[in-house]
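J.: Let me give you the structure first, and then I'll get to my questions.
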Amino acid sequence: MLEALKEKVYRANMDLKKYGLILFTWGNASERDPETGLIVIKPSGVEYDEMKPEDMVVVAPDGKIVEGNLRPSSDTPTHLEIYRRHPEIKGIVHTHSTYATAWAQAGLPIPTFGTTHADYFYGDIPCTQDLSEERVKEAYEHYTGVIINETFERRDTLACPACLVKNHGVFTWGTDAADAVYHAVVVEEVAKMAYITLGINPLATRAPQYVSDKHYFRKHGKDAYYGQAKK
């Protein structure tokens with residue numbers, strides 16, 4: 001079942017290691033099948049060097065395992081909650097990449113200091129509020145997805161395809177799992193740039209909005225002109 005999608009999700013997970021976004025088993029990627037609505041996700045706690053495409057787990061939107069001999073990622077409820085609220089999202093990645101996680105642990109958004117950030121994210125990359133003790137005890141991973149959704153109640157998920165979860169790590173998303181990996185790579189890089197920027201100048205300010213707008217909209221939207229015309 002969904003063998004091609006299993007291969008795709010496997011490759012996305014392996015790319016997290018390729019790009020240095022994970023250590024050990026600290027991350028996961030998933031993708032939603034547009035025809036069935038089923039989600040393929042990495043198995044829980046399996047070492048990347050041992051993982052195979054057939055190890056990917058197929059789960060239903062309610063979390064029931066449809067196919068697979070291994071338990072799905074412990075973050076599956078978070079992925080499912082994001083998918084449930086956002087049909088435009090087709091792939092999700094979670095990592096504890098160093099610089100992005102440092103911002104999450106500080107409880108701060110990643111500011112739009114420059115055009116590299118603005119090319120990919122419209123506005124600061126937000127950080128959630130604390131999860132309440134009641135939510136953590138009741139259903140931690142589910143409510144992690146809920147608080148991400150709450151953070152994006154007034155934001156466009158496609159214009160800013162990333163969120164920091166306070167004290168935890170980063171979630172990114174996109175048109176498929178590979179796109180979510182791409183955004184995870186960029187988040188880590190702009191998080192690093194922002195950290196270095198504040199180290200050089202603790203009083204650094206955000207890029208002017210008109211500069212950020214120029215860079216974002218030359219790559220996104222109906223008037224974009226970056227790159228080559230699509231055939």
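J.: As a check on your grasp of the helix formula, calculate [θ] at 222 nm for the chain: sum -39500 (n - 2.57) over DSSP H runs of n ≥ 4, divide by the residue count, round to the nearest 500. Numbers along the way, then the final one.
T.: Numbers: 7 runs with 93 residues, N = 231.
Rounded to the nearest 500, it is -13000 deg cm²/dmol.
J.: Per-residue counts of other Cβ atoms within 10 Å, averaged by peptide: what ranking do you get for 104-114, 87-97, highest first?
T.: On the way: 104-114: 18.9, 87-97: 23.2.
Ranked by mean Cβ neighbours within 10 Å, highest first: 87-97, 104-114.
J.: Given N residues in the chain, what is its alpha carbon radius of gyration divided by 2.2 N^0.38 Å? List each step's numbers first, then the result.
T.: On the way: Rg = 17.5 Å, N = 231, 2.2 N^0.38 = 17.4 Å.
So the chain has a normalised radius of gyration of 1.01.
J.: Right, another one. Using a probe of 1.4 angstrom, how much of the accessible area of region 1-160 is carbon and sulfur, in percent?
T.: On the way: 3850 of 7740 Å².
The computed percentage sits at 50.
J.: Relative contact order (percent) for the chain, with alpha-carbon contacts under 8 angstrom and 6 or more residues of separation?
T.: Numbers: 431 pairs, mean separation 49.7, N = 231.
Answer for the chain is 22 percent.
J.: Cα centroids of region 1-39 and region 120-179: how far apart, whole angstrom?
T.: 19 Å
J.: Spin-label point model (7 Å from Cα, Cβ direction): what's the His220 to Lys52 distance in nm?
T.: Each label point lies 7 Å from its Cα, and together they span 4.0 nm.
J.: Then there's this: By average Cβ neighbour count within 10 Å, what is the ranking of 48-60, 141-153 from highest down?
T.: Values: 48-60: 16.4, 141-153: 18.2.
Most protected by this proxy first, the peptides run 141-153, 48-60.
J.: How much length is gained on full extension from Asp62 to Glu88, taking 0.36 nm per residue of separation minus their Cα-Cα distance?
T.: On the way: separation 26, 0.36 × 26 = 9.36 nm, distance 1.82 nm.
7.5 nm is the gain from fully extending Asp62 to Glu88.
J.: On a full-extension model of 0.36 nm per residue, what is the gain between Arg206 and Lys230, subtracting their alpha-carbon distance, rounded to one decimal in nm? Kindly include the intermediate steps, with their values, before the conclusion.
T.: Values: separation 24, 0.36 × 24 = 8.64 nm, distance 3.27 nm.
Full extension from Arg206 to Lys230 adds 5.4 nm.
J.: With θ taken as phi - 60° and the coefficients 6.51, -1.76 and 1.60, list the Karplus ³J(HN,Hα) couplings across region 214-220 in order, rounded to whole Hz; mark glycine and proline as x.
T.: Calculated HN-Hα couplings, in order: 4, 5, 5, 7, 6, 10, 9 Hz.
J.: If Leu5, Leu158, Leu70 are ordered by their accessible area, calculated over protein heavy atoms with a 1.4 Å probe, which sequence runs from highest to lowest?
T.: Working: Leu5 20, Leu158 90, Leu70 70 Å².
Output order, biggest surface exposure first: Leu158, Leu70, Leu5.
The values are calculated or read from the model by the stated rules, or taken from the named source; none is laboratory data. Keep in mind it's a predicted model, so treat the numbers as computed, not measured. Quick reminder, even Gly has a Cβ in these numbers, built from the backbone with ideal geometry, and neighbours come from all protein chains shown. Heads up: the accessible areas ignore ligands, DNA and RNA and are worked out on the full protein's heavy atoms, side chains in. Shrake-Rupley method; radii C 1.70, N 1.55, O 1.52, S 1.80 Å.
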